[in-house]
Structures are given as C-alpha cells and as structure tokens.
Amino acid sequence: MKKSIMEQRIKETAQYYESIIDNMPGHVYWLDEHGFTLGCNQNVLTTFGFKSIAEFKGLSFEKIGEICKWSLETIQSFKKDSFEVIRTGRAKLNVEEPPIANQEGKLIYFLTSRVPIFDVNSKVISMVGISIDITERKKLEKKLRLAKAKAETANKAKTEFIRNMSHDLRTPLAGIIGLSNLQINEATSIREKQYGRWICNAGNQLLELLNSVIEVTANDHQAEYKPKERINLKKMAEELQALMYPIVVAKELDFQISLDSQLPIVSSERIKLKRILLNLLSNAVKFTKQGKISLKIDLISLSNTHAQIGVQITDTGIGIATDKLNKIFDRFYRVHPSYMAEYTGYGLGLYLVKKATESLGGKITVSSEEGKGSCFSLDFKFILSQQDSKPSPSYSKLVSAFQVITDSQKGSVLVAEDNSLVLYVVKKMLMSLGYQVITASTGTAALRALQTQSFNWGLLDLGLPDLDGVETIKRYRKWEQLNQKSCMPIFALTAHAGDKIKSQCKKIGFDQVFHKPFTEKDIQIIEKYLDNSCLHE
Ligand code: ADP
C-alpha cells in the first residue's frame, strides 16, 4: 500500500476513535507514563475551560491545578491514584474524588475509574481516566441524609410526647380508678356500686390503652427477661370465658369453648398469653354482629419436655378482604377507619398480639372471608411445667387475711404525693388495711417527716415538687448514714411506665418501684418484701 494511503487510513482511524471518545458521556483523559497529559475528550475541555487539546496537552497535575485553581489536597489525590495505576499496572475503579471546581467555580463530585494501557511488551505506557459527574447524586444523598435525620428527630419527639402525655394521663387516671374502687367498696346502694364499677371499668380500659401505646413506643421492653410461670390452659380458657361473658351476652352472641382433654400444664408468660387471647377474642366479638365466636385449644403433639399447642379463635363476623389480610398486623392499620364510626379501635391490638406471640416463640396466622367470618390461629411450642408449684392464695383471700390483723400490728407509713386525689386514695387504702398514715405533698416536707418521726416504711412519688423523689431519697439515705440510723424501707411511686426506671431507682436507694395506680396488690408485695427482709436480717 502506498505510504500516503496508509497515512490517510491511520488518520481516518484516529479521527474515528477520537469522535467516539469525544461523544462519550463522562470526562475521559489520558496521560503518558510520567503523568503528563496526552489528550482528553470535549467534556474535559468544556468543564475546565481549555480552548483546545493543544492547550491541555503536556501538562503536569500541578500545572492543571494551578490553571483550574484546585486545592493542594485535590492535586495530591488525583496524582496519587494516577501514579499508582502507572506504577503497579493495576486498574483502580470507582473512586470518589474530593470535590473540584469547574471553570465557573462550581464544585463537582467525580466518580473515577483509572486503567493502565500497555505496549506489546506489557510495559505501562499510558493511563486512561474516566470520571463520571455524580454531583446530582451527592446532592440527593445529602438531602436524604438530612431528611432521615429530621425524621429521626421528629420520631424521637413523638415518642417523648407520647411518654409525657401518658404520664400526665396516668396520674389523674390513677385517682379516678382508686376513687371508683372506694365507691364500689363503700357505697351502700346497688346503683352507686354499679356506677362505681362502670367508672372503674372505663378507667381500666383507658389505662389498658395507655399501656398499649407505651408498649408500642418503648423499645426497651423487648430485651426484658420475664420469668416463666405455670399455666393451666383450661383454667385460663375459663377465666377468659368469664371475662368475655358480659359483652357476649350483651351482643346476643353464642360463645363456644372447645378444649382438648389432654391439655398439659405448661410453662410460659401467663399474663402475656392471656392478653394475646383476650385481644383476639375482643376483636372477634367487636367485629361480629350475629352468630358465634369460639375458642378452641388443641394439644397437637407432646414430648417429654415440650407440648405443641394450637389455639383457634373463630367468629362469624364481617370478615376481612383478602387484599387486606396481610396488613392487619401492621401498626395503626384498621380496615374500617374511625371516621366510618362503626367500629372503634386504634389498630394497635393485632400488632401487639403478633409481637407478643413471637416473643413467646409462637406463630400467628389468619384466614378470613368477607361477610362470613375470620379465624386467627396460634401455634406455640411450650415447655412443660416441671413442678406443680403450690397455687398462690387468691387475692381476695389475702385481702381478708390483712383485715384480721389488728391496727396496732400494722405500724405507720409516710406517703409523699403531690396529686391530692392519688394521695387521698392511697391514704384511704392503707388506713382501711390498718396503717397509720402520715402524708406529705412536697419533697422537703417528706424529708423533714422522715428525719423527725419514725415510720415502718415510706412511699415517695418520684415527681414531687421542690425536691423530687430522687433528690429526697438521696438526701435521706445520706442523713441515715451520717446519723447511723438503720435503713428504712422506702418505695418509689411513678406514673412513668417501663422497667428501666426500676433499676435506676434501686441504685439510688429505693427498695422497690411501683407504677401508678398504686393498688392493694402493691401493698401485698410490700408486706411480703418486708417479711422476707425480716427473715434475712
Ligand atoms: P383495632 O383496635 O382497630 O381493632 P387491631 O390491630 O386489633 O386494631 O385490628 C386491626 C384491624 O383488623 C381492625 O381494625 C379490623 O379492621 C381488622 N380485624 C381484626 N380482627 C378482626 C376480626 N375478628 N374480624 C374482622 N376484622 C378484624
């Protein structure tokens, strides 16, 4: 081939490749083995303000940096990676560069891949860099990060708000429940007693709702260890039947219970299991206008150590559409929102039921047909209860046992609480059990009383005005030590739910912590605790 034709062909081929590179979307440039620029595509020229390839050719990184006003750090970063590729002969892909300014001074972020070019003897003779402009992506990332931080802050504020609100609701609610209990016990007419019961029931329902809301917002409850208890499933089913009875009768529904005659005594968290079943039964009743609801408990299999138990709660109610079935366990989801006013609720029940079932190692599934009814199935593998521990005496028996003890045996108690309603209820309750009660409504007054009078034990609200409960106990314990007094049992009372507070209170000197509403059951716990402390002294 003639030399001129050959030269023409080579020129054409070079032009061909140059136009491909020129039209590539990224910034493409190539250097010689000493790190000096050999060429680049149009994007590089435009972005950094070079008029021609000739102007760009033969420049060192330092020179480019000087022309484009790059920082020393940027120059070093580009140089380091490029020289590494030339030296090692290994490609470096997808490196995020520090931001660099274009000819208008606007900062651009590049994602760069650098590859070595070899001659026929495998010697590196050049390096090609391809940089993709990722400025928009970085902006979006920043926006997303900010939005995430904002959402997290808002979520924290919401949780804090719910906690505070539930605390503020709990204190007056404790008063209402306590007073209604007094009314149930003391009222002479049947009607007044009934009103007391209704107020008490409504109060307890509100309390239950508050507890659910707290359970959903608190996340520390998950790690909590709950001791296993002995569960007689047959007895539990009967208790549930008794609890559901009034509402089932009021709605003229049929309630069937079918229990496997071989049900063993198992070991698990009793209250949690009962709440799961109660929740499902309450839903069954709520969403059923006529027909029946049923509770079926089956023993599926039995080994030496475990029992597999199946529970089914079925109703002939409104049912759930197939496309909604997988949403009903979501937080706050309701098939019929409250503006439709037919069914009340908060969409929390099933969310908590599922979490609680899983925390007991079980599984929950649902099948349903719109207009026909629903069936919630639970599957548990329970450990068999090892020893049939003695059943604890029932609550009412314990209460009557208290009343036998004469006043003089009970001693005196200091109760410090700033809410007059709660103070009144606690005082009345303690007095009816034979205690002499001294009250204080501020921390300072409580501290003075503790230092000047003698008590068998004390109960301090944590949220007292002036000196709060924490400060009061700290000062009192210090005073006790300085004056070599024996340690008086002091219990904390709080409207804050959650178990974290318990360990904190114990650390600063409280014997135990009780949540509002303070009930006779709590007094039993205190008395048991005091009896045990005496035994160990
Ligand atoms: P809610 O407090 O609204 O009842 P849940 O979490 O217990 O909250 O239930 C979520 C939703 O699932 C309910 O609002 C209801 O639409 C539907 N649902 C639950 N149980 C039943 C049932 N037995 N029959 C029909 N729909 C039900």
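Quick look at the values:
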read-out: ASP254 vs. criteria loosely packed, with under 14 Cβ neighbours inside 10 Å, within 16 Å of the ligand (Cβ to nearest atom) and either modelled with pLDDT of 90 or more or of a type outside the set (Ser, Thr, Tyr) (or both); value: yes
read-out: Of the criteria (1) surrounded by fewer than 14 Cβ atoms within 10 Å (Cβ to Cβ); (2) of a type in the set (A, V, I, L, M, F, W, C); (3) assigned to a helix (DSSP H, G or I), which one LEU530 fails; value: (1)
read-out: Pair list, Cβ under 6 Å, 6 or more apart: segment 5-34 residue under 21 Å from ILE86 (Cα atoms), other residue assigned to a helix (DSSP H, G or I); value: HIS27/ASN43; HIS27/VAL44; VAL28/ILE21; TYR29/VAL44; GLU33/ILE86
read-out: Given (1) over 18 Å from SER258 (Cβ atoms); (2) within 12 Å of the ligand (Cβ to nearest atom), number of the condition ASN304 does not satisfy; value: (2)
read-out: Near pairs, Cβ below 7 angstrom, 6+ apart or cross-chain, from segment 51-78 (touching a residue at least 24 places away in the same chain (Cβ under 8 Å)) to any residue that is in a loop (DSSP other than H, G, I, E, B) and not aromatic (Phe, Trp, Tyr); value: SER60/GLY35; PHE61/GLY35; GLU73/PRO98; THR74/PRO98
read-out: Residues satisfying the stated conditions in segment 323-351, i.e. near the ligand (Cβ under 8 Å from one of its atoms), at pLDDT 85 or above and either under 22 Å from LYS274 (Cα atoms) or small (Gly, Ala, Ser) (or both); value: ILE328, PHE329, LEU350, TYR351
read-out: Of residues in segment 455-481 being in contact with a helix residue (DSSP H, G or I) (Cβ under 8 Å, 6 or more places away or on another chain) and among the acidic types (Asp, Glu), the one modelled with the lowest pLDDT; value: ASP466
read-out: Qualifying residue in segment 371-378 (condition: free of Cβ contacts under 8 Å to residues at least 40 places away in the same chain and more than 13 Å from the ligand (Cβ to nearest atom)); value: no
read-out: Residue that is nearest to the chain's Cα centre (by Cα) [pool: residues in segment 445-496 that are surrounded by 17 or more Cβ atoms within 10 Å (Cβ to Cβ), more than 18 Å from VAL425 (Cβ to Cβ) and hydroxyl-bearing (Ser, Thr, Tyr)]; value: THR472
read-out: Which listed residue is assigned to a strand (DSSP E or B), within 16 Å of the ligand (Cβ to nearest atom) and crowded, with 16+ Cβ neighbours inside 10 Å, from ILE313, ILE320, ILE276, ILE309; value: ILE313
read-out: Sole exception among (1) of a type in the set (Ser, Thr, Tyr); (2) crowded, with 17+ Cβ neighbours inside 10 Å; (3) within 8 Å of the ligand (Cβ to nearest atom); (4) over 21 Å from PRO246 (Cα atoms) for THR288, by number; value: (4)
read-out: Any pair with Cβ under 7 angstrom, 6 or more apart, that starts in segment 297-323 at a residue that is under 17 Å from GLY373 (Cα atoms) and ends at one that is away from the ligand (no atom under 16 Å from the Cβ); value: VAL311/ILE297
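The rows are residues; the columns are (1) under 30 Å from ILE214 (Cα atoms); (2) touching a residue at least 12 places away in the same chain (Cβ under 8 Å); (3) in contact with an Asp or Glu (Cβ under 8 Å, 6 or more places away or on another chain).
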{"position": "VAL128", "(1), (2), (3)": "no, yes, no"}
{"position": "THR135", "(1), (2), (3)": "no, yes, no"}
{"position": "LYS138", "(1), (2), (3)": "no, yes, no"}
{"position": "GLU141", "(1), (2), (3)": "no, no, no"}
{"position": "LEU144", "(1), (2), (3)": "yes, no, no"}
{"position": "ALA149", "(1), (2), (3)": "yes, no, no"}
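The values are calculated or read from the model by the stated rules, or taken from the named source; none is laboratory data. Just so it is clear, the model here is predicted, and its values are computed rather than measured. Here Cβ is always computed from backbone atoms with ideal geometry, including for glycine, and neighbour counts include all displayed protein chains.
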